[in-house]
Structures are given as C-alpha cells and as structure tokens.
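Have a look at the structure below, then the notes.
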Amino acid sequence: MRRSVLQRVTWVTAGLLLLAGPAAAQVTTATLYGIVVDDSGSVLPGATVTVTHDGTAMTRTTVTNESGEFALSALPVGSYTVRIELQGFRTQVQTGLSLAGAQTVRQTYKLALGEIAEDVTVEGVAPLLNTASSEQLETIGPQQVTELPSSRRNVTGLLRLAPGVDPTGGHRGVRFNGVGKHGAGITVDGTDANSNPEGRGISQYGGENYIDIMSIEAVQEVQLVKGVMPAEYGGVVGGQVNLISRSGTNTFHGSIFENYIGESLNARDVFLSRDEPKPPVRFNQFGGSLGGPILRNRAFFFGTYEGYREEAGTRVQGDVPTPELREQILAALPFPETQIVLDTLPPPTEPINEDVGFFVAARNRERRENHVVAKGDALMFGGGRLSVTYTRMRPFSLIPSIHTDGANDRVFLHEQDRVAATFVHTFRNWVSESRFGYNRSDMERLDRFFEVQDPTTPETNLWGRRMGLISVGGLFSTPTTEVWDMEGTAYSVDQKISRAMGNHLLKFGVRWMRQTGGRSNPENPVFGFQSKADLLANIPNQVRPTFGSPPHKSHMDELGGFIQDDWRVSNRLVLNLGMRYDYYGVVQLQPTGAVPVEIVNLEPPSDLRLMDFGAARPPDKPYEPDRWVNLGPRAGIVWTIDDQSDTVLRAGSGVLFSPQMPGMVRQGAAHPLVPFRVSWGLAEAAEQGLRWPAYNDEMREIVEREAEARGQPAFFSLLDPNLQNPYTIQSTVNVQRAIGSSLMAEIGYLRVDGRKLILQRQFALAIDRETGRRINPDLGVPGGYYVDNNHTSEYNALQLSVRKRFSNHYSFDVHYTYGGGTATSGGDIGAYYQGDYPEYTQDFWNPEADRGPLVSDARHRISADFVLEVPFSHESRFLTHILGGWQIAGIYSYRSGEPLRITQSSAIPNSRPDYVGGDPVLPGWRETRQYLKPDAFALVPLHPDSQVTVRPGNVPLDLVRDPSSWTVDLTVAKSLDLPGNMRLQLRADAFNAFNHPNYGGISTSVTSSTFGQIRSAGSPRQIQIGARLTF
C-alpha cells in the first residue's frame, strides 16, 4: 500500500516538472522586469541589459524581446547598477537600484538617440508601488533593522511593524491575519528555521532565549509575506517570516558592539512596594561581525558572534496557604509527603483571607548564550552562485519560582544548529534555484522538585515515585513539576526553475521535507480537590498521573510541487496565476530502547455520542493521508489605474494548506498498555481507592491491569482516522497610491476563512454530568483529547498604511488594522500545549456552542515607526563634530483589549459561570486594581455526586476584554566619524519610554479568592545603552 502511494506521488511530481517547472522554495531573491522604449514611447527590441551587484560585482545579462521587455529573476538582495545598450542610442546607466528579497520591480527605461559610447547616468530608485504581484509583502530593511529600538537586539521586536502581524503568540510565535501561530512559517535564506521541533515558533520552546532565529548583526532584511501568497510558498496557512542573512562583499567590513542594562537606569515595577529596593539587573550583550572577500569578485565570507550574560531579579507571585490552613492540612493528612510539599510554599506576604494569602518577591533569573552565524558565497564559473549559511544557538536559562530555596526552579538547556545552502544557476533565459536545509533543535527542561522522590519506597519504574501535586480549587497548588527532553531535526530539499517567455515569467518547482523528532515528558501526579473540605477529607475530584513517553524517534515526510505564471497582459494589467499540490505523509514512530512505543488510535465510532470507538488501527498508520485533497489554486490581479503609475489596484484569492504539526499527531506516543497520561474523576478515583499520597508506580499497575482486561491498547488521545490537513482561503483587495516620490498610502480589505482546522476536545468532558462517569467505560480513563477537523474560523480586517521612504533625513511608517473574527476554538492548528490553543469547549458533543473570538483578538492595532537624522552643518568642524551626527528613532504600538475567559472551578475542565447582567468592568479599576465585578456573575450549581457543573455556563467568551495597552520605544544615537573609514555610534534605547503601566494578569476564575484582581503589568521603562563601532 505504501509503495503504491509513493509511486503515485512520484508520478505527480514528475508530471508537475514536465508541465511547468520548479520550486517550493521560499522567495529570497528579487525579480527585475523592464521595458525599454525610445523618446516617442516605441518599444526597443534587441537592447542588451546588464545588471551588476555593487557589492560583489556579480553580473547578469539579457536582451529585450520583440516587445522591448526583459525579465531578470533570482537576483540577490542588494544595490545594483543597470546598464542598457543599443546601437544608435546613448547607453543608459542606472546606479544604486536597491532590490529586496521577494520584491518584484517593474521599470521603464527610455533611451535617447545618440552614440552608444555616450553614457546617460541616472540614480536608481525602486518604485513605491507593487505593480507586479498581489501578495501582501512587508520588508523591514537594513536601516530599520539597525536603527530602530530593539530590546536586547532581538529581531522579534521588529515584526510588530507590519499590519496584520502579531508576534505575541505562545512561546513567541507569529500570528498572521487572525491565524494562530502554527500557521506561520519561519525561514532563513529560504530554508526552515523554526525553533520549536513540535510546533512553530521564532523562539525556542518556552521563549527564554533573547536571540530569536539569528543575531540582528547578521540580518540583511526581514520579509513578512501574507495574504494571497505565490504558489511557490507552501506548508503555511497564515504567512511567512523570512530572514535574509548578510553576505561578504569585495570590501572588508565589520563591527564590534556592546549593550548594557542595569537596574539603576530602569523604572520601578508598579507592583513593587515603595520600601522594597528594585531587583538587581545586570545584562551585558556583546559581539561583532566581519565580512569581506576571500577571492575578489569570486568568493566572500561573513561571520557574526553574539553573546549575552544576564543576572536579573524578577518578580514571582502566587497564592499560598496561611499558617492556620497548613496546620489543618497536616492534621488531616498526616503523611511525610504532605509536610514535604507544604514546606516548598513560602508564607504569605499579603493577606487575602483566613485560608490563603498572596506571596510576591524578587528572585534571581539567569540567562546566557554564545551565538554564531557564518556564511560563505562563491560565484561559480558558468553563471552559478553558491551560498551556505550556518547558525549555532546555545541558550541557557534558570527561571525562579515562588518556592522556598529554589525548590522548583526551572532550567532550560537548548541547542540549535542550522545549515542553509543555496545554489543559483543561470543559462540564457533559464534560472535554476536549488536549496538544502538542515535544522536541528533540542531542548532539555527540568523542574528541580521533580528530583524529590518517595521518602520510604524506591522506584519500580523510571520516574515511578516522584512527589505528587496537591491542587485546591480557588486556593493554592503545591509544585507542579516535570522533566521534558524534546528533540527534532528538519531536512529539506527545494528545486525551482524559472523562465521568461514573452510576457510570461513561468516558475515551477518541487520540495521535499522530512521532520524527525522524539520526546519524553513525565510529570508528577496531580491530586485535584474541589474545595478545602474535600482536601481535609482527602476526596480528590481528579487524579492525573503522567507517565510520559518511552524513548523513541519519529518522522513525517512532505512532498509538494507548484507552477506559477506571472503574466503581463498589458502595460497596466498583470495576472498572477498558480497551482500548488502538497502530499503530507503519516507520522511514523520507532522505539530507541527496549520499551515499546506507538501511537495508539482506534477506528471511528458509529456515533460520537455513544463513544463506541472501534478496533485498534495499525500502529504505522494511525490516520489516512490526504492524497489528492491538498490542491491549492492561487490567483491575483494587479491593475495600474493611471498613466503615471501612481495608483494600483491589487486583488486575489488563494488556498493555502499546512501539514499537521508534529506535536499534535505525536501527542499520544506511549507504551501500548500505559498511555502518556490518564485522568480519573471523582467517582473513578473513589472506585480505585486513589487518595493522597499515591505514586505513578501503583497507578501504572492499575492502568496495565485494566488495559489487559479490556483486551485492547490504552490511549491518551485519539485522532480521527480521516484527519485532513488544515487550510485557509485568503482573499484580499487593496489600493496603493503614490504621493510624490517618497510617500505612499495603502488601504485594503482582507478575509481569511479557516477550514479543517484542528479541534481538540478533552475526554474528561465526555461524561455523564450527574454521575461523573464516562459514557463508555470500556475506553478506560484517557487523559487526553479527541482530535478532528471540526474547527473553523473567519477573520475580516481593514488595513491602512502610510509609508515614507527615507529621504530628506527622515522616514516613517504608520499602520492601522481594524479587524476581528471568530473560531470554534481560537483559530490555530497546533497541539493543545503549544500556547495558542484556548480551550473553549464546555459540551464535548457541541463545540460550536462555545464558538468565540480568535486567539489574541484585538479589534484595533496601531504601529508606527520613524527614523530622523538631525541635520547640522557649520563652518566650525568642532561644532559639526559635536552637534552633527545625531539621530532619533522610535516605535509606537497600541492594541485594544483582548477577550478574558471567565471560568469556574469544577470536576471537569473549561467550566464557565453564568452572566447575570450589568457592566462586568468596575469603574476606577486603575486605582483599586479590582477590574471585574464579582456580582456580574453567578456560579453554575454542581451535582453533589460528581462535583460537575449541571450544565454549561452562559458567560459569552467575548463579554469582557482586558485593558488596552500602548508603549513608546525611543532611541537617541550619536554617530562619530573616525579615521580609517570607521564610525562609532553611541546610543540609548528607552523601552516603554513614558513608563505607561499596561495592566494585565487578571484573575478570571470566579471561585478564586482574587477573582477580578489585576495581578501584574507589562514591563516598566527600561534603558539600554550601547556602543557599536563599524568599519
């Protein structure tokens, strides 16, 4: 069966190549279209066009066709000189034409009569408007990368500069146009650069590193592509982030830099009492770069090193029991384990009630890294160009917790190595782009309390007697702890071919990718109690052991192809037409030790309400591949409205498919008799005699015994065997208008429809609410999810932009987005634990009843940035030296409030209360820090036997939103010209320069003693000072 599928895929791929061409690589180069005319406007065929890269002297030559047109694709980013020659006409030389990655530029060149030896030189300026393609492309160029304020020199801070882009997804993921973070692709030089081996993210899992993707010192430019993307973009349903790395040139150049942050320069945290000193902060960031020729005009190198060292006090906080409650617990639960877990909790620093108080303190955080980027470029004989980029990342973090003496501090150890290799070869009108990518990302994460074991009995199984967790609804929790070892490597091969044919630029290509990985993630067992009374009586309403996954490896294969035609119908009209097909294979697992491991999945039920799932599926085929379903057409139109090319209408629609995220399909990897996790409810725990304390070893025996009695494997989650790949339908229309030579305005509307998105419903919800028992006891007590495609989303937005290209000493951009949408469960496609999956569902069998806003649904977003060089000249060289060379730059960001999900404690997850009326937001909340009005909500009653809400609560998911937020970041810099073509820049960056408190961290559980209170705020003003020497 597998062979027949592979044969079909092979024939499909071959057919695509024969039909039209190459590439599934991402666009990292530019395309220059031109038409050559004489003074009367008549076209000039046969003109020789030569473009020369100013940095490397690389040249490309072509000849205009019978329509006087030419096309040069796959041009590396940078500044170019364009030379056009034709007998009987003066030679035109255009200098300083700057081309960016993924940019398509159309120019008209007018030749004057005269001798060919006579040169007419003009300054090259790329057009303000995009008159050739319909996708939404935002390029953050070298000046913005280096001159705008960037906290700790992290490129992620710059991604907020584009409309429709939100870089605040879980673990620093990027959301495009309402799609969750797993809809975004991350690449460097066109190859995979994702830092999360089980999902997608620009940071390593956990977001503890300060250098995302690559050092800003090595970044040439940042591309953000969204909307109706060309067919050569595959594997994403939201958008694409692509960083293009810097290269060496014929001139040696480099830099040395140092950044510093200390607490004496920073503002005070608004939640820090006046008698407490500011936590100490010592952050040093240092490094440099060097690039130049290895062999002039032929081979070049560029390298970057960046390191940082941080020791910083950070606020930790949480609810903890009072001494009186501790004594009651120890008397009711007189076990050594009770004393051990309570000893980790500090006494309250602020009172709340007789049972709990609030603890807040400053604890030391450590972070460090040594980061390296190295790149080589070589111009080969025969018109080829080879580029290889290597990136090495080794971040370390120690994250403190509230627990006494660092009892449960968390350590992150990350490793990431990437290689991106590109070979571009030109032959007449043919251009071939070949890419190879290697991306290895590993993480080890350890919570220190996980090392604490049963004080009396040794372990029978690995991790079998780790100390458990007590969690009491609305009161407190003892340490939750785990060890997480996660690794993954992605391999990719891309081949793209393009050819100019008359008014057509044809592109076609193929792409193969393999994602590998494995994980082991045991946790301490959880004992949940509905109330203080249940705790003192030792009646848990949930017992949840997590056994983790045995050592294993896995792989998923992807194979796709596309064809794209950019057809210039007339001087004013361009059509972008494309088709893409992707085959996404099924995940395959293999154990790497003696313990068996597989993804257990069952045949679908006859009726989901009966939960009568069928027999176990073959372990090597837990679900069916999509085969021919993933056909994604793309179509766009670009219409230049006026003769002056000052107004352009762009519109289009396209279908974008994504593979399944590795973490989503691998979540159930486990021993066939012992699932990753199980969860007993109130009645089930009582039947098994499970009470505090207990350990994974004895609970493992229960699980094994029940699985053997049922005669079928145990499972954590189940996947719909007909699981399809998620996709979005992107539709856009916008108008661009040039105002003068450097100013452009744009207004556009877009809609994104998400279909076949991933819905994950907890099996803990599939119960009888009165008894708390499972609908089908033969399934056991799975602690995971039922995963299918019953998740849809819709997003609509109006986007406005004004852009001022740098001229007359300044530039600026302003972007406004008014948008919003709804989804069955947030609008993402990743695994439940990856940070962008809000769990809305209250009724397992009716998830649409809880349809709500998209994750991070802010109605209004504004971003603006500017760079201003303060001009000064004087006959006195001394005054010019002192008063000249100053620069001011800044970023303004605003978002309106995002939805708050109001919850209620219950024996099942996701319970919500009722809304009884009135304004749920209290006036004067800034002074009282009590944001929500408790009287606006009422508890849904609980069944006395099950401790489950008798019905779903009626609080709408978009009833109330958190406060809006805004920040202004400013940079003041002074540049000094030094001998030897050196330049020294001294700068100070102020983040949240006006120290505006952006309140958040609102307690949203109505059963919590702190319900409705604001518990945290965004970072106060922070000053970063630095120096950078360039040569």
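Can you say whether ALA797 is within 20 Å of ALA184 (Cβ to Cβ) and not aromatic (Phe, Trp, Tyr), as far as the supplied structure shows? Against the criterion (within 20 Å of ALA184 (Cβ to Cβ) and not aromatic (Phe, Trp, Tyr)), ALA797 qualifies.
Anything in region 1004-1019 that is modelled with pLDDT under 95 and surrounded by 17 or more Cβ atoms within 10 Å (Cβ to Cβ)? List them, or say none.
Residues of region 1004-1019 modelled with pLDDT under 95: 1007-1010, 1015-1019.
The answer is THR1007, SER1008, SER1009, THR1010, ARG1015, ALA1017.
Of SER432, SER387, all but one fail to be over 30 Å from TRP692 (Cα atoms), among the hydroxyl-bearing types (Ser, Thr, Tyr), in contact (Cβ under 8 Å) with a residue 60 or more places away in the chain and in contact with a Ser or Thr (Cβ under 7 Å, 6 or more places away or on another chain); the exception is SER387.
Residue by residue, here is whether (1) touching an Asp or Glu at 6+ places or on another chain (Cβ under 8 Å); (2) outside the structural domain of TYR999 (by TED's automatic domain parsing); (3) in contact (Cβ under 8 Å) with a residue 40 or more places away in the chain holds:
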position: GLY852; (1), (2), (3): yes, no, yes
position: GLU875; (1), (2), (3): no, no, no
position: GLY885; (1), (2), (3): yes, no, yes
position: ILE891; (1), (2), (3): yes, no, yes
position: ARG912; (1), (2), (3): no, no, yes
position: GLY917; (1), (2), (3): no, no, no
position: SER946; (1), (2), (3): yes, no, yes
position: VAL960; (1), (2), (3): no, no, yes
position: SER965; (1), (2), (3): no, no, yes
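Summed over region 40-57, residues that are modelled with pLDDT of 90 or more and either out of contact with any Ser or Thr (no Cβ under 8 Å at 6 or more places or on another chain) or assigned to a loop (DSSP other than H, G, I, E, B) (or both) total 9. The set of residues in region 353-373 that are surrounded by fewer than 19 Cβ atoms within 10 Å (Cβ to Cβ), touching a Pro at 6+ places or on another chain (Cβ under 6 Å) and of a type in the set (Gly, Ala, Ser) contains only ALA362.
Quick one: which residue in GLU311, GLU306 is modelled with pLDDT of 95 or more, in the same structural domain as ARG385 (by TED's automatic domain parsing), under 17 Å from ARG152 (Cβ atoms) and surrounded by fewer than 19 Cβ atoms within 10 Å (Cβ to Cβ)?
Numbers: GLU306 fails: surrounded by fewer than 19 Cβ atoms within 10 Å (Cβ to Cβ).
Criteria check complete, one pass: GLU311.
Out of all the residues in region 67-87, is one or more crowded, with 18+ Cβ neighbours inside 10 Å, more than 27 Å from PHE381 (Cα to Cα) and β-branched (Val, Ile, Thr)? No; the residues of region 67-87 include none that is crowded, with 18+ Cβ neighbours inside 10 Å, more than 27 Å from PHE381 (Cα to Cα) and β-branched (Val, Ile, Thr).
Of the residues that make up region 821-835, is at least one buried (at least 22 other Cβ atoms within 10 Å of the Cβ) and more than 26 Å from GLN667 (Cβ to Cβ)? Within region 821-835, none of the residues are buried (at least 22 other Cβ atoms within 10 Å of the Cβ) and more than 26 Å from GLN667 (Cβ to Cβ).
Looking across region 597-607, the residues that are farther than 18 Å from VAL678 by Cα and surrounded by 14 or more Cβ atoms within 10 Å (Cβ to Cβ) come down to PRO604, PRO605.
Checked against the criterion of being at pLDDT below 90 and touching a strand residue (DSSP E or B) at 6+ places or on another chain (Cβ under 9 Å), the candidates GLN94, GLN26, GLN7 yield just one match: GLN26.
State which residue is surrounded by the fewest Cβ atoms within 10 Å (Cβ to Cβ) when the search covers only region 480-507 and only residues that are over 30 Å from the mean Cα position of the chain (by Cα) and in a strand (DSSP E or B). Walk me through it before giving the result.
Initially, region 480-507 is screened for residues over 30 Å from the mean Cα position of the chain (by Cα), giving 498-506.
If we keep only those that are in a strand (DSSP E or B) too, we end up with 498-501, 504-506.
Values: SER498: 26, ARG499: 20, ALA500: 22, MET501: 12, HIS504: 14, LEU505: 24, LEU506: 17.
Here the residue is MET501.
Collect the residues in region 796-843 that are under 22 Å from the mean Cα position of the chain (by Cα), over 30 Å from PRO127 (Cβ atoms) and either among the hydroxyl-bearing types (Ser, Thr, Tyr) or assigned to a strand (DSSP E or B) (or both), keeping them in residue-number order. Steps first, please.
At the first step, the residues of region 796-843 found to be under 22 Å from the mean Cα position of the chain (by Cα) are 796-797, 799, 815-840.
Restricting the remaining residues to those that are over 30 Å from PRO127 (Cβ atoms) gives 820-840.
The answer is GLY820, GLY821, THR822, ALA823, THR824, SER825, TYR832, TYR833, TYR837, TYR840.
The set of residues in region 342-360 that are under 36 Å from the mean Cα position of the chain (by Cα), of a type in the set (A, V, I, L, M) and either closer than 16 Å to PRO479 by Cβ or assigned to a helix (DSSP H, G or I) (or both) contains only LEU345.
Could you count how many residues in region 570-580 are surrounded by fewer than 23 Cβ atoms within 10 Å (Cβ to Cβ) and at pLDDT 95 or above? Reasoning before the result, please.
Step one: of region 570-580, the residues surrounded by fewer than 23 Cβ atoms within 10 Å (Cβ to Cβ) are 570-573, 575, 577, 579.
Next cut, at pLDDT 95 or above only: 573, 575, 577, 579.
The total comes to 4.
Hand me the list of strands (runs of 3 or more DSSP E) wholly inside region 542-644 holding 1 or more residues that are within 19 Å of GLY654 (Cβ to Cβ). Walk me through how you get there before you give the answer.
Numbers: elements: 542-546, 552-568, 573-584, 588-591, 631-640.
Where strands (runs of 3 or more DSSP E) fall fully within region 542-644 and carry at least 1 residues being within 19 Å of GLY654 (Cβ to Cβ), they are 552-568, 573-584, 631-640.
In this entry, VAL802 is excluded by the filter for residues that are crowded, with 21+ Cβ neighbours inside 10 Å, in the same structural domain as ILE888 (by TED's automatic domain parsing) and either out of contact with any strand residue (DSSP E or B) (no Cβ under 7 Å at 6 or more places or on another chain) or among the hydrophobic types (A, V, I, L, M, F, W, C) (or both).
Can you tell me which of SER441, SER477 is at pLDDT 95 or above and over 26 Å from the mean Cα position of the chain (by Cα)? Step through it out loud before you land on a result.
Details: SER441 fails: over 26 Å from the mean Cα position of the chain (by Cα).
Every option except SER477 fails the conditions.
The values are calculated or read from the model by the stated rules, or taken from the named source; none is laboratory data. The structure presented is a predicted model; accordingly, all values stated were derived computationally and were not measured. Cβ: placed from backbone, ideal geometry, glycine included. Neighbour counts: every protein chain shown.
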